[in-house]
Structure formats: C-alpha cells, structure tokens
Amino acid sequence: MSEEVQINVGGTLFITKWSTLHKHRNTLLGSLSTTSEFYSKKKQYFYFDRNPDYFNIILDFYRNGHIHFPTHVCGWIWKQELQFWRIPETEISECCYPTYVKYDKNRAVTEYIKNAFIVYTAEYQTKAVSCLTGITQRIWLFLEEPTSSLAARIFGVIYILRTNYK
C-alpha cells in the first residue's frame with residue numbers, strides 16, 4: 001500500500017499520508033481502508049460528497065490534533081461535519097469552542113421562543129358578555145396567548161428577551 005492517499009471531496013482532490021489519517025483511528029478517515037464503501041477501485045481514491053471548503057479544516061485536525069473553525073461558518077454546519085467524519089466535540093480547540101456552542105445556545109433560545117408562540121385553540125364564549133368581562137377576556141388573551149394578535153406577539157418577544165437577557 002502506498003504511503004499517499006487520495007481523497008476526493010465534492011470534486012476537489014486532496015492528497016495526504018496514511019500515517020496522518022491514522023493518528024485518529026476512531027474517526028471516519030482514520031478507519032478508512034480500500035474495502036470501504038467510499039473507495040473507488042477504478043479511480044483509486046476515496047470519494048465523499050461533502051463541501052470541500054470545510055474539508056481543509058477537517059484534514060488540518062489530522063495534521064495538528066485540534067479543530068479550529070472559521071467564525072463565519074454556522075455552528076450547525078460544523079456539528080454536521082463533525083458527526084459525519086466521526087470527530088468528537090472534545091477535539092475542538094479551546095479558542096473555537098465558545099463559537100461552536102453558541103449555536104446550541106441560540107438554537108435553545110429560538111426553540112423557547114417558538115414554543116412560546118405555539119397556537120393554542122382557546123374556547124371563546126359565543127354568548128354576549130358584559131363590557132367588563134369582554135375587556136378582562138381580551139387582557140387575559142393578550143397576556144396568556146402570544147399568538148392572539150400582533151401586539152401580543154410583540155409583547156411576548158419583548159418579555160422573553162427582557163427576562164432572558166437581564
């Protein structure tokens with residue numbers, strides 16, 4: 001077996017050494033062999049239908065021992081890349097970890113806000129009500145059902161942001 005290994009990622013050819021990949025044997029690249037589903041015997045390279053722009057960072061992990069992410073790329077993309085290449089999150093460098101976990105924090109806040117605006121079906125009284133009861137119902141609806149009106153949605157967002165970011 002040759003010391004060089006050719007890896008085609010999304011149409012871009014990368015050449016490295018087997019010894020470089022074998023530094024991390026528990027990962028996808030570290031466990032590659034010519035019997036792998038990703039290997040093309042005809043073309044004699046491994047092919048991965050992934051974004052080649054991100055693969056340089058993945059390959060640098062094998063060379064340097066740590067993952068360093070560019071900050072302009074979404075954390076979700078890196079999460080997907082790490083899962084695909086089977087690289088544990090513990091390999092992310094300390095300097096890049098806050099950027100990476102920021103995605104999870106933002107996603108949690110987004111989910112919280114989405115859940116706050118779930119449309120609930122409320123039973124509304126169909127019979128005539130007094131003026132005071134009608135006002136009371138509208139106030140209750142405004143405060144308890146954020147999807148009941150545009151004003152209630154705005155109030156809900158401001159309330160959530162204010163209580164979460166004090």
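Every number in this text was worked out from the coordinates using simple rules, so none of it is lab data. From a predicted model like this one, the values you see are computed outputs, not experimental measurements. Counting neighbours? That spans all protein chains shown, and the Cβs are built from the backbone with ideal geometry, glycine included.
Things to note:
- Partner aspartates and glutamates for Lys114 [C-alpha distance under 18 Å; skip if fewer than 8 residues away on the same chain]: Asp104, Glu144, Glu145
- Net charge of the neighbourhood of Leu28, taken over other residues with C-beta under 14 Å away and scored Lys/Arg +1, Asp/Glu -1, is 0.
- Anchor Lys43: aspartates and glutamates whose Cα lies under 20 Å away (excluding residues fewer than 8 positions away in-chain): Glu3, Glu4
- Over 24 Å between alpha carbons, listed pairs Lys79/Lys105; Lys41/Lys79; Lys17/Lys102; Lys23/Lys102: Lys41/Lys79; Lys17/Lys102; Lys23/Lys102
- When the alpha carbon gyration tensor of the chain is reduced to an equivalent ellipsoid, the three semi-axes, largest first, read 55, 17, 11 Å.
- Calculated FRET efficiency for the pair Ile77/His22, C-beta based, R₀ 25 Å, to 0.05: 0.40
- In degrees, nearest ten, helix 75-85 long axis to first principal axis of the chain (Cα): 40
- Counted over the range 4-109, the DSSP beta bridges are approximately 65% antiparallel.
- Cα shape, the range 1-66, gyration tensor, a/c 1.5 rule: oblate
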